[in-house]
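Data first, discussion second: the structure below is written as structure tokens.
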Amino acid sequence: MVYIIKVYRKKVKTNCGVRAFGNGDHNSGKQGRTASERMKGYFRAMEDYGIPVRPEYIVQGNYTYQGGYRGIHELWKLTEKPTAVFVTNYDMSMGAMEAIYDLGIRIPKQLSVVAFDDFELSVMVNPKLTSVRQPLVELADAACELLLRRMNGDESDYPKRIRMKPFCVYRDSVQNLNK
């Protein structure tokens with residue numbers, strides 16, 4: 001989200017704002033927690049940069065392909081269309097990309113796109129998709145280390161939540177308006 005905000009800085013300064021697409025299901029369980037954390041990050045980024053959140057730009061997608069597809073269609077029906085979307089998981093990203101194609105939306109000229117979860121197809125679509133990547137190898141290493149400690153009876157830090165900072169993989173799907 002911060003990347004979108006930074007490349008849209010000129011637009012923000014003219015009070016047009018950044019249009020973003022937060023998506024997720026806030027139900028209970030792991031997906032609900034993940035969606036809630038990603039939405040909090042979205043709200044925090046918007047607040048940190050002094051950009052008002054537009055509720056009509058937040059579409060719930062329930063972590064599904066159909067949710068991403070429907071979300072783009074909902075956003076594209078708005079009178080004031082978004083200029084950027086942030087889709088918060090792989091399945092919704094695929095649905096969003098299909099909807100963008102079906103609607104004839106040009107990335108990034110008409111709509112900048114950033115996806116959470118850097119998946120293999122990110123480099124196979126045109127333009128290549130800018131995405132947020134989780135450090136999966138490091139997460140797996142930490143989980144294995146924790147599992148081994150638990151198997152050896154070490155519960156000194158129980159319960160433990162492992163968190164690692166994701167990072168952005170910059171590709172071609174975001175138009176830089178600061179040039």
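The values are calculated or read from the model by the stated rules, or taken from the named source; none is laboratory data. Because the structure is a prediction, the values reported are computed rather than measured. Because the Cβ atoms are built from the backbone with ideal geometry, glycine has one as well, and the counts that use them run over all protein chains shown. Accessible surface areas use protein heavy atoms only, side chains included; no ligands, DNA or RNA. Shrake-Rupley method; radii C 1.70, N 1.55, O 1.52, S 1.80 Å.
Just a few scattered comments:
- Cut-off 15 Å (backbone N to label point 7 Å along Cα→Cβ of residue 169), residues of region 93-133: 93-94, 114-133
- Over region 27-179, the alpha carbon radius of gyration divided by the compact-protein estimate 2.2 N^0.38 Å works out to 1.20.
- For residue 174, the solvent-accessible surface computed with a 1.4 Å probe is close to 20 Å², ligands and nucleic acids excluded.
- For region 66-177, lysine pairs separated by 8 or more sequence positions, or belonging to different chains, with Cα-Cα distances below 26 Å total 6.
- When you filter the trypsin sites (Lys or Arg not before Pro) in region 37-97 for DSSP loop state and at most 11 other Cβ atoms inside 10 Å of their Cβ, you are left with 77.
- Note on residue 54 and residue 81: their simple-model spin labels are 1.2 nm apart, each label 7 Å out from Cα toward Cβ.
- Cβ crowding within 10 Å averaged over residues, with 102-108, 88-94 ranked highest first: 88-94, 102-108
- Value in Å of the Kirkwood radius, where region 62-148 supplies the Cα pairs that are averaged: 13.9
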